[in-house]
Amino acid sequence: MQKMIQLERPCKGVVSLAIPTPFQIGDVNVYLLEGKKLTLVDTGANTEESWGLLTQGIEAAGYRLSDLQQVVLTHFHEDHTGLAYRLKKETGATVLAHPDTAVWLKEEPWFIERRNRFFLELYKRAGVNEAYIQKIIGVYQYLRRFGHPCEVDVVLADGETLPSHPEWKVVYTPGHSQTHFSLYRDSDEVMLLADHLIAHVSSNALLEPTVQSEEGRVKSLIQYRQELQKLKQFPISVGLAGHGEPIHDHVDLIDRRFDSMERRAENILEVLKGKQKTAFEVAMQLFPNRQDQLPLILSETIGHLDWLEAEGRLARGVRDGIDRYSV
């Protein structure tokens with residue numbers, strides 16, 4: 001049964017389209033910005049179903065696909081960028097993104113090699129055995145089926161205005177991804193949040209390599225907490241997220257996210273009582289039924305271990321090249 005077009009106009013000059021994805025998160029929200037140049041913010045995954053609903057949605061909003069002149073990518077993940085190449089090919093639209101998204105989407109051999117090395121080293125330090133590493137590789141290969149390499153034409157800096165839409169300002173919001181940014185319109189305090197904050201589910205602070213090799217591993221949950229604190233200072237009348245419903249009280253939602261993180265931290269400390277454990281062992285105890293989502297649960301676990309270590313609430317030692325945690 002074919003899905004119905006889900007189109008809304010949540011605020012002036014913005015059209016929201018819910019596009020299906022093959023992922024557990026469900027639909028991704030993409031946004032048309034009306035104005036001097038019709039601009040699409042995020043694209044959906046690279047599937048025929050997503051393409052069909054996206055093109056139908058653009059037409060239902062009163063436009064032709066050929067009217068599209070710009071495609072803005074909030075971060076590199078497949079559900080947000082998968083159709084960028086096809087849109088560019090079909091329409092000639094200019095693709096705009098974070099400078100590091102440009103590197104991820106170009107998929108040059110040097111970066112693919114460094115990305116693979118980063119994850120291999122990360123999971124070995126976490127105590128993941130070879131069989132599970134192969135499972136994780138399978139997850140990444142599955143995800144890449146729904147993306148496509150794409151050349152980014154214009155890179156966007158933090159604080160600059162969006163070309164042809166000067167009312168929208170780029171706000172870097174790393175945490176969920178190192179390449180993540182949001183868009184803010186000061187006149188009515190609307191923010192396109194993408195995956196920085198989602199109403200119905202917490203956004204995972206994913207562990208990812210940075211483009212600059214000398215930067216080392218970013219402790220993404222600590223970074224994400226800092227960025228959420230900054231977001232609390234923004235006056236936001238409505239936050240338009242990459243998934244789910246609009247957000248009308250971002251401060252309360254952020255406080256609830258912090259409470260959830262603290263509960264997770266307490267669970268980890270309980271797991272570590274009386275025995276030194278690796279990040280992988282902790283993850284398996286926290287999420288025994290989610291082995292099909294190993295990259296997500298390991299990011300969640302290692303992120304909280306980083307945070308607890310930074311706060312002095314646990315100790316980390318290294319033996320045989322593997323991090324081991326204790327309280």
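The values are calculated or read from the model by the stated rules, or taken from the named source; none is laboratory data. Just so it is clear, the structure is predicted and the values come from calculations on it, not from any experiment. Please note: Cβ atoms are built from the backbone with ideal geometry, for glycine as well, and neighbour counts cover all protein chains shown.
Taking the criterion of being free of Cβ contacts under 8 Å to residues at least 24 places away in the same chain and either crowded, with 24+ Cβ neighbours inside 10 Å or not in a strand (DSSP E or B) (or both), the residues of region 181-197 that qualify are Asp186, Ser187. Considering only residues of region 96-118 that are in contact (Cβ under 8 Å) with a residue 40 or more places away in the chain and surrounded by fewer than 20 Cβ atoms within 10 Å (Cβ to Cβ), which is farthest from Val71 (Cα to Cα)? Here the answer is Phe118. Filtering region 38-66 to residues that are more than 25 Å from Tyr184 (Cβ to Cβ), touching a helix residue (DSSP H, G or I) at 6+ places or on another chain (Cβ under 8 Å) and in contact (Cβ under 8 Å) with a residue 24 or more places away in the chain leaves Ala45, Asn46, Trp51, Leu65, Ser66. Scan region 130-141 and tell me whether some residue there is modelled with pLDDT of 95 or more and not in a loop (DSSP other than H, G, I, E, B). No, region 130-141 contains no residue that is modelled with pLDDT of 95 or more and not in a loop (DSSP other than H, G, I, E, B). If the condition is being part of a loop (DSSP other than H, G, I, E, B) and either hydrophobic (A, V, I, L, M, F, W, C) or not assigned by TED's automatic domain parsing to the domain that holds Ala93 (or both), then region 52-74 contributes only Ala61. In the set (1) crowded, with 16+ Cβ neighbours inside 10 Å; (2) farther than 29 Å from Pro109 by Cα; (3) free of Cβ contacts under 8 Å to residues at least 60 places away in the same chain, Asp252 fails one condition alone, (1). If you check Gly57, Gly92, Gly52 for being within 30 Å of Gly175 (Cβ to Cβ) and modelled with pLDDT of 95 or more, only one passes: Gly57. The sole residue among Glu245, Glu227 that is in contact with a Ser or Thr (Cβ under 6 Å, 6 or more places away or on another chain) and either touching a residue at least 24 places away in the same chain (Cβ under 8 Å) or outside any helix (DSSP H, G or I) (or both) is Glu227.
When region 154-168 is limited to residues that are out of contact with any Gly (no Cβ under 6 Å at 6 or more places or on another chain) and in a strand (DSSP E or B), the one that is surrounded by the most Cβ atoms within 10 Å (Cβ to Cβ) turns out to be Trp168. Of all residues in region 124-153, exactly one satisfies the criterion of being over 30 Å from Gln293 (Cβ atoms) and exposed (fewer than 13 other Cβ atoms within 10 Å of the Cβ), namely Glu151.
Scoring Leu296 on the criteria (1) among the aliphatic types (A, V, I, L, M); (2) at pLDDT 95 or above; (3) not assigned by TED's automatic domain parsing to the domain that holds Pro20 leaves a single failure, condition (2).
Within region 289-303, is even one residue in a loop (DSSP other than H, G, I, E, B) and within 24 Å of the chain's Cα centre (by Cα)? Yes, some residue in region 289-303 is in a loop (DSSP other than H, G, I, E, B) and within 24 Å of the chain's Cα centre (by Cα). Scan (1) of a type in the set (Lys, Arg); (2) at pLDDT 95 or above; (3) not in a helix (DSSP H, G or I) for the single condition Lys275 breaks and write down its number. Every condition holds for Lys275 apart from (2).
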